[in-house]
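Every number here is computed from the coordinates shown, using simple stated rules; none is lab data. All figures in this text were calculated on a predicted structure; none of them were measured in a lab. When we count neighbours, we look across all protein chains shown, and the Cβ atoms used for this are built from the backbone with ideal geometry, even at glycine.
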Amino acid sequence: MATALAKADDVDAVDHAARIEHVSKSFPGPAGQQLVLDDITLDVAPGEFVTLLGASGCGKSTLLNLVAGLDQPSAGGITTHGRPALMFQEHALFPWLTAGKNIELALRLGGVPKQERRGRAEELLELVRLKGSYGKRVHELSGGMRQRVAMARALAQDSRLLLMDEPFAALDAITRDLLHDELTRIWEETGLSVLFVTHNVREAVRLAQRVVLLSSRPGRIAREWRVDIPQPRRIEDAPVAELSLEITEVLRGEIRRHGQH
Ligand SMILES: Nc1ncnc2c1ncn2[C@@H]1O[C@H](COP(=O)(O)OP(=O)(O)O)[C@@H](O)[C@H]1O
Ligand SMILES: [Mg+2]
């Protein structure tokens, strides 16, 4: 496989890519501690693609940040197989560096020797279908291309677990469809585990093997669905639409019960 990422040989040796056990999180608020996440238990298996779905403000980013190790749970524990890679809605690329150099920076931080970085950056750009964009600056790239570079940079970290926080939320529908296709292909090619956060039900069903629905205030696991629809799926496929409707009904019920929206 001509990519910088090979399928890890040891992927079957660990039984989880991420293990979230009885995790709660509170933040100090005006009326004392505010419980945002309440007793979340969730495993992501090696190579599994899980979407975490919920209304805005329900605690999705809080949970992802905990898994990333950017913050500590108030109770419970989290273990991951190695250090996860992260991708957010904002690409967070350095504007003064080219696409290629942004990726090389991640490779350098990951300890890849200098003489190998250029070649690997080119391979990663090819993997996200941006061959020939090595020398482009961030302002020369469209929104979709920037997210492709951000994806390549996340992949440059060579993690077994990719955490994605609404990475395509700011893109137009056509660009988002294309990036769903790319992400599915890359996930299949690399065998990565993905924990993908979204408030978009159809996006969750389009991508995942398993959709985990969070309730709001506090965030708890309300329900989960296994998605057995073969890939590649399209967001407008009938089975995707059908399951999305079912999940939306449950999500609406959750939102009504909490009366916040
Ligand atoms: N650092 C923080 N301090 C205080 N409150 C926070 C902090 N981070 C998140 N929250 C609160 O936690 C709740 C969930 O936020 P967030 O995880 O960003 O939701 P989501 O990503 O699902 O939209 C919100 O009410 C938010 O105000
Ligand atoms: Mg969020």
- Message: Of all beta bridges DSSP finds with both residues in the chain, what is the antiparallel percent, to the nearest 5?
- Response: 55
- Message: For the ranges 152-162, 93-103, 167-177, what's the packing order if you count other beta-carbon atoms within 10 Å of each residue, average per peptide, and put the highest first?
- Response: 152-162, 93-103, 167-177
- Extreme residue, positive dipole direction of the stretch 97-176, given options 163, 107, 144 (C-beta unit charges): 107
- Note on the structure: Rounded to the angstrom and largest first, Cα extents along the principal axes for the chain equal 55, 41, 39
- Item | Net dipole in debye of the stretch 203-257 [+1 Lys, Arg Cβ; -1 Asp, Glu Cβ; about Cα centre; nearest 20] | 340
- So what are the stretch 91-158's ellipsoid semi-axes, whole angstrom, largest first, if each one is the square root of 5 times an eigenvalue of the alpha-carbon gyration tensor? 17, 11, 11
- Item | Proportion of all alpha-carbon pairs of the stretch 107-261 beyond 20 Å (%) | 56
- Message: Taking the Cα of residue 237, stepping 7 Å toward and past its beta carbon, and measuring to each backbone N in the stretch 171-197: which are under 13 Å?
- Response: 181, 184-185
- Task: Would you mind working out the magnitude of the charge dipole of the chain relative to its Cα centre, with +1 at each Lys and Arg C-beta and -1 at each Asp and Glu C-beta, to the nearest 20 Debye?
- Result: 760
- Task: Report relative contact order for the stretch 152-261 in percent, whole number only (criteria: Cα-Cα under 8 Å, sequence separation at least 6).
- Result: 23
- Candidate lysines - alpha carbon under 19 Å from residue 25, same-chain residues fewer than 8 apart omitted: 60
- Query: In percent, how large is the relative contact order of the stretch 91-158, given Cα pairs closer than 8 Å and 6 or more residues apart?
  - Reply: 48
- Task: State whether the stretch 189-254 is rounded, prolate or oblate according to the following rule on the C-alpha gyration tensor (a ≥ b ≥ c being the square roots of its eigenvalues): a/c under 1.5 gives rounded; otherwise a/b larger than b/c gives prolate, and the remaining case gives oblate.
- Result: oblate
- Radius of gyration and maximum dimension Dmax of the stretch 108-198, Cα, Å: 13.2, 39
- Message: With angles folded into 0 to 90 degrees, how steeply does helix 238-258 sit against the dominant principal axis of the chain? Use alpha carbons for both and round to 10.
- Response: 50
- Task: Kindly express, to the nearest 10 degrees and within the range 0 to 90, the angle between helix 114-127's C-alpha long axis and the longest C-alpha principal axis of the chain.
- Result: 60
- Rank 66, 88, 51 by how far each Cα sits towards the positive end of the charge dipole of the chain (+1 on Lys, Arg Cβ; -1 on Asp, Glu Cβ) and give me just the farthest. 88
- Could you name the lysines whose alpha carbon sits less than 18 Å from that of residue 101, not counting residues in the same chain fewer than 8 places away? 114, 131, 136
- For the chain, what's the relative contact order in percent, using C-alpha pairs closer than 8 Å and at least 6 residues apart? 26
